[in-house]
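Student: Have a look at the structure that comes next, please.
No value in this document is a laboratory result; all are computed from the given coordinates. Since the structure is predicted, the reported quantities are computational estimates derived from the model, not experimental observations. Positions of Cβ are backbone-derived with ideal geometry, glycine not excepted, and every protein chain shown enters the neighbour counts.
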Amino acid sequence: MSSDKVKISLKDGSVKEYPRGVKVEDVVRDIGEGLYKASACVKLGGKFADFGSGIEKDTQLVVLTKKDPEALAVLRHSAAHVLAKAVCELFPNVRLGFGPAREDGFHYDIVSDKALSQDDFDAINNRMAEIVKADLPFVRKVVSADQALAWARASGQKYKIEAIEKLGGADGDEPGSADVSSARGTDVPSVDNHAQDARATNEISLYETGDFVDLCRGPHVRTTALIGCVEVTQVSGSYWLGDEDNDKMQRVRGVAFFSKKDRDDYFNMLEEAKKRDHRRLGVDLDLFHFEDDAPGMPFFHPKGATIYNALLDYSRRLQRKAGYVEVKTPLVLSEELWKRTGHWDNYLENMFFSRRLTAVTIKDGDAMAVVRDEETGYTLAKDASEEDDRRMAVKPMNCPGHVKVFGDKRRSYSELPIRISEFGMVHRRERAGVRHGLLRVQAFTQDDAHIFCTPEQIESEVVGAIKLIQKLYSSFGFEDIHVELSTKPEKSIGSAEVWERAENALAVALKTASLDFKLNPGDGAFYGPKIDFHIRDSIGRSWQCGTVQLDFSMPGPDRLDVSYIGADDKPHVPVMIHRAMYGSVERFLGILIEHYAGEFPVWLAPVQATILPIVSKVNYYAQQVAEKLLDRGVRVTVDERGEKVQRKIREAELQKVPYMLVVGEKEAQLGSVSVRRHGEGDQGVLSVDDFLAQIEKELRV
RNA sequence: GCCAGCGUAGCUCAGCGGUAGAGCAGUGCUUUCGUAAAGCACAGGUCAUGGGUUCAAAUCCCAUCGCUGGCUCCA
């Protein structure tokens with residue numbers, strides 16, 4: 001093996017020899033000028049590299065073109081640099097944070113004296129277009145930490161200074177420090193951790209794009225000209241390193257594509273997603289609405305309530321079969337109770353409280369002054385005494401109620417496990433700005449259950465709960481589900497040992513159920529670790545729905561103090577498993593609306609069939625058919641208005657009613673219906689009985 | 001809670017210092033009609049709320065509430 005040559009193997013299996021240190025660019029050009037022109041970025045030995053890199057050892061070279069999905073992630077990151085360059089040129093004193101590629105585009109967090117708004121987008125977009133047109137190569141410069149610091153200081157990039165210090169400046173062995181090329185969260189998988197790279201190689205890289213220099217691990221596409229389309233889509237707030245206590249930054253978000261067509265496809269997709277938005281469909285299909293007077297608390301209309309109840313019915317059926325019993329417990333319980341459960345210390349800011357006001361008398365046309373108790377924040381009428389006002393709190397969780405049901409009588413080990421379920425409405429205060437239609441509300445119903453069992457029963461009960469949740473989800477065709485295991489948070493009750501035991505138990509159960517899961521450290525409930533099930537909505541956001549949580553604390557003597565009598569004739573504290581399947585019925589319904597784009601399967605559809613008489617003469621027949629369907633449990637309406645059938649059909653289609661039954665004089669004579677299926681059109685004539693036989697197959701899950 | 005934007009008729013939106021507009025929905029009348037919108041007429045708003053600037057405010061300013069997109073947080 002020659003020492004001044006390197007062997008480079010290519011995608012087609014061929015191997016070529018070049019002088020050691022040959023530049024990637026020259027190799028690609030040598031393979032073919034056409035390939036070079038089509039190339040976006042390259043991978044050496046499976047890792048992204050730059051065109052300017054020298055090749056020092058035998059390796060494999062893969063050239064990626066516009067068609068490679070991986071190249072798109074690189075492109076987006078390069079677009080972030082173009083954005084940064086544009087913003088730095090347009091506005092004074094811009095300090096840059098991180099500018100990663102994201103799942104659907106890219107963003108750059110910046111601090112600027114100017115608050116950016118939509119009015120600035122045109123200017124930024126135009127400048128970016130100029131930069132793209134200028135065909136500027138992305139040039140990688142490897143420097144020492146000191147050199148990088150000198151650059152950052154000279155250019156006043158305070159966040160870059162911080163980033164460099166975290167990177168290579170120190171002998172940095174703290175894990176999880178700054179990742180320079182990508183921010184937290186939704187990073188593209190192909191972008192690795194700069195920090196680790198930098199520590200491993202003790203090198204820091206800067207990228208030059210024309211006269212613009214940015215600290216960055218790379219990789220980048222060959223030149224700005226490869227960016228077919230780039231535009232700013234929105235600007236929002238963020239924090240340096242994602243920490244609320246750090247400096248506020250402006251997050252400028254954008255999208256970038258290789259071609260105009262990709263761009264148009266993307267925006268069309270967004271349009272489609274917008275059409276499925278459950279808030280839009282909630283209005284169009286008359287399912288629910290919100291009021292300023294009850295923020296984040298939905299008012300379900302008859303049609304929405306129908307779907308809602310269908311969901312409850314289904315959950316109820318599943319649970320009955322699985323050995324759950326159903327209870328109903330109070331919405332409002334005393335503050336003392338919430339102190340005992342630990343909610344007072346751990347969940348206070350999310351709770352709604354009651355206050356008692358005595359009658360307010362009218363004096364001089366004004367309501368009598370009320371007194372504000374500054375310490376508690378309570379407002380009381382002057383003549384209401386503290387003793388009068390036994391303070392109550394609206395429940396944010398159902399668990400204490402269920403513990404109370406469990407503890408109301410002597411329990412024997414032979415009764416266990418006891419699975420207590422409830423469609424329990426809870427209220428939780430949310431910080432302003434986080435509410436989102438049905439997906440994030442302040443009042444919601446959980447299909448909640450608490451399983452009281454012995455330590456030996458934990459695994460089988462947790463596995464059973466997981467299986468039930470999976471079965472439920474499969475009925476709706478949800479495939480993109482991911483599972484997380486969350487461990488002890490900062491604010492918590494119970495000892496470290498108890499937590500460890502509970503976390504292990506959940507992990508074992510997940511393994512038994514052979515489920516892949518992501519570990520989510522520090523994200524457990526305050527009383528115990530949890531398994532969460534997450535479902536994606538139509539525009540890719542992931543929402544937590546079902547959950548299984550293990551709790552050794554709340555039933556214990558320090559808290560609500562319940563027990564069962566064991567075989568040893570002594571009292572024991574039961575293990576409590578918290579479990580919800582839909583999670584929040586409201587949220588699940590919101591996801592379903594988007595999932596089905598409002599076109600519910602028949603068993604969920606608020607109106608399953610609507611009968612459309614062609615002339616008012618046959619209204620009597622329409623009513624007869626309706627009665628027959630109603631008797632068989634079909635949710636049916638009759639459109640008796642004096643409108644043309646075309647109009648009735650159009651409106652029924654817009655309301656996404658699965659079956660439209662057109663009836664005229666012919667049908668009235670024959671005892672038949674002309675069946676039209678939503679979205680599919682005319683299905684021909686059936687006798688009423690044949691139609692019933694058809695729809696009945698779809699009435700149940 | 002933070003950043004940016006928004007709040008005009010039931011819905012979608014126009015008006016952006018000079019006496020509130022359209023389409024759809026609604027109501028009334030006419031039309032009885034075969035698979036995605038019949039015709040005519042009428043009615044509907046303290047322009048989110050409260051202050052301020054101005055001869056004059058839906059329009060400009062401030063505050064509050066709510067909504068939207070993010071950040072942060074969560075079912």
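Student: When only alpha-carbon atoms count, how far does segment A:5-65 stretch along each of its three principal axes, as whole angstroms with the largest first?
Tutor: 27, 21, 19
Student: Where in segment A:272-314 does the label zone of A:Glu653 land, with the point 7 angstrom along Cα→C-beta and an amide N cut-off under 18 Å?
Tutor: A:285
Student: Now for a different question. Report the full-extension gain for the segment A:Asp135 to A:Ala225: residue separation times 0.36 nm, less the Cα-Cα distance, to one decimal in nm.
Tutor: Working: separation 90, 0.36 × 90 = 32.40 nm, distance 0.45 nm.
Length gained between A:Asp135 and A:Ala225: 31.9 nm.
Student: Let me ask something additional. Based on the Cβ-Cβ distance from A:Arg429 to A:Lys23, what FRET efficiency comes out when R0 is 56 Å, to the nearest 0.05? Walk me through the intermediate numbers first.
Tutor: Working: r = 60 Å, r/R0 = 1.07.
Taking R0 as 56 Å, the efficiency between A:Arg429 and A:Lys23 is 0.40.
Student: Can you compute the label reach from A:Arg316? Point 7 Å from Cα along the Cβ direction, backbone N cut-off under 13 Å, restricted to segment A:460-480.
Tutor: What the label zone holds, given the 13 Å backbone N cut-off, is no residue at all.
Student: Ok, one more. Under a crude label model (7 Å from the Cα following the beta-carbon direction), how far is A:Glu70 from A:Ala567 in nanometres?
Tutor: Reported label-point gap for A:Glu70 and A:Ala567 is 5.8 nm.
Student: Another one. Assign unit charges at the C-beta atoms only (+1 for Lys and Arg, -1 for Asp and Glu), then state the dipole size of chain A relative to its Cα centre in Debye, rounded to the nearest 20. If you can, show how the numbers build up before the last one.
Tutor: Numbers: 96 positive and 111 negative charges, 287 e Å.
Around 1380 debye, computed over chain A.
Student: Would you mind computing Rg(Cα) / (2.2 N^0.38 Å) for segment A:609-696, counting N as its residues?
Tutor: Values: Rg = 11.4 Å, N = 88, 2.2 N^0.38 = 12.1 Å.
Here the answer is 0.95, to two decimals.
Student: Mind giving me the FRET efficiency for A:Ser236 and A:Glu459? R0 is 56 Å, r the Cβ-Cβ distance, nearest 0.05 is fine. Mind showing how you got there, number by number?
Tutor: Details: r = 44 Å, r/R0 = 0.79.
Working from the Cβ atoms, E equals 0.80.
Student: Which distance in Å, rounded to a whole number, links the C-alpha centroids of segment A:632-647 and segment A:62-113?
Tutor: 55
Student: With a length cut of 20 Å (Cα positions projected on each helix's long axis) and a Kyte-Doolittle mean of at least -1.0, go through chain A and give me the DSSP H helices that pass. Each step should come with its number before you reach the end.
Tutor: On the way: long enough: A:69-90 (32 Å, 0.77); A:260-276 (24 Å, -2.15); A:302-321 (28 Å, -0.92); A:458-474 (24 Å, 0.57); A:496-512 (24 Å, 0.06).
Membrane-span-like by this rule: A:69-90, A:302-321, A:458-474, A:496-512.
Student: Report the one residue of A:Gly46, A:Pro100, A:Thr306 whose Cα lies farthest in the direction of the positive end of the charge dipole of chain A (charges on C-beta: Lys and Arg +1, Asp and Glu -1; origin at the Cα centre).
Tutor: Going by the Cα projections, it comes out as A:Thr306.
Student: Which FRET efficiency, nearest 0.05, do A:Gln669 and A:His289 yield, Cβ-Cβ r, R0 35 Å? Walk me through the numbers before you get to the answer.
Tutor: Values: r = 43 Å, r/R0 = 1.24.
Approximately 0.20, to the nearest 0.05.
Student: Additional query: Order A:151-164, A:292-305 from most to least packed using the mean count of other Cβ atoms within 10 Å.
Tutor: Working: A:151-164: 19.2, A:292-305: 14.4.
Top to bottom by mean Cβ count within 10 Å: A:151-164, A:292-305.
Student: For chain A, would you read off the P(r) tail past 42 Å as a percentage of all alpha carbon pairs?
Tutor: On the way: 117074 of 245350 pairs.
The answer is 48 percent, as a whole percent.
Student: Just tell me which lysines come within less than 25 Å, Cα to Cα, of A:Lys66; anything on the same chain fewer than 8 places away is out.
Tutor: A:Lys11, A:Lys16, A:Lys23, A:Lys37, A:Lys43, A:Lys47, A:Lys85, A:Lys133, A:Lys141, A:Lys260, A:Lys261
Student: Using the Karplus curve 6.51 cos²θ - 1.76 cosθ + 1.60 with θ = phi - 60°, work out ³J(HN,Hα) for each residue of segment A:422-439 in order, rounded to whole Hz, and write x for Gly and Pro.
Tutor: Taking θ as phi minus 60°, the curve returns 7, 8, x, 7, 10, 10, 9, 6, 10, 5, 4, x, 9, 5, 7, x, 7, 7 Hz for segment A:422-439.
Student: Along the Cα-to-Cβ line of A:Lys467, 7 Å from the Cα, sits a label point; which residues in segment A:304-322 have backbone N less than 16 Å from it?
Tutor: Within reach of a label on A:Lys467: A:318-322.
Student: Among A:Phe452, A:Val403, A:Gly424, pick out the residue whose Cα is farthest towards the positive end of the charge dipole of segment A:385-471, where Lys and Arg carry +1 and Asp and Glu carry -1 on C-beta, about the Cα centre.
Tutor: A:Gly424
Student: If you don't mind, another one. Given 0.36 nm per residue, what is the gain on full extension from A:Arg391 to A:Ala150 after removing their alpha carbon distance, in nm?
Tutor: Full extension from A:Arg391 to A:Ala150 adds 80.6 nm.
Student: Need the full-extension length gain, A:Glu680 to A:Glu203, defined as separation in residues times 0.36 nm minus the C-alpha distance. One decimal, nm. Show your work: numbers first, answer last.
Tutor: Numbers: separation 477, 0.36 × 477 = 171.72 nm, distance 6.21 nm.
Contour length minus Cα-Cα distance gives 165.5 nm.
Student: Only Lys, Arg, Asp and Glu count, each charged at its Cβ (+1, +1, -1, -1), so figure out the dipole size of segment A:53-115 about its Cα centre, rounded to 20 debye. Please report the intermediate quantities before stating the final value.
Tutor: Values: 8 positive and 9 negative charges, 34 e Å.
The calculation lands at about 160 debye.
Student: Students often forget the sequence filter, so: which lysines lie under 27 Å Cα-Cα from A:Lys328 once same-chain residues fewer than 8 apart are removed?
Tutor: List returned: A:Lys303, A:Lys339, A:Lys395, A:Lys404, A:Lys409, A:Lys467, A:Lys471, A:Lys530.
Student: Shifting gears a bit: May I ask for the distance between the Cα centers of segment A:557-630 and segment A:254-294, given as a whole number of Å?
Tutor: The distance from the Cα centre of segment A:557-630 to that of segment A:254-294 comes to 26 Å.
Student: Mind ranking A:617-625, A:322-330, A:459-467 by how tightly packed they are, going by the mean number of other C-beta atoms within 10 angstrom, highest first? Working shown, then result.
Tutor: On the way: A:617-625: 17.6, A:322-330: 14.4, A:459-467: 19.7.
Highest to lowest by the protection proxy: A:459-467, A:617-625, A:322-330.
Student: Please list, in chain and number order, the residues 5+ apart from A:Glu599 or on another chain whose amide H is under 5 Å from its amide H, with Hs placed from the backbone.
Tutor: HN-HN under 5 Å from A:Glu599: empty list.
Student: Now for a separate question. If I model a spin label at A:Lys404 and A:Asp113 as a point 7 Å from the Cα along the Cα→Cβ vector, what separation in nanometres do I get?
Tutor: Those two pseudo-labels are separated by 6.1 nm.
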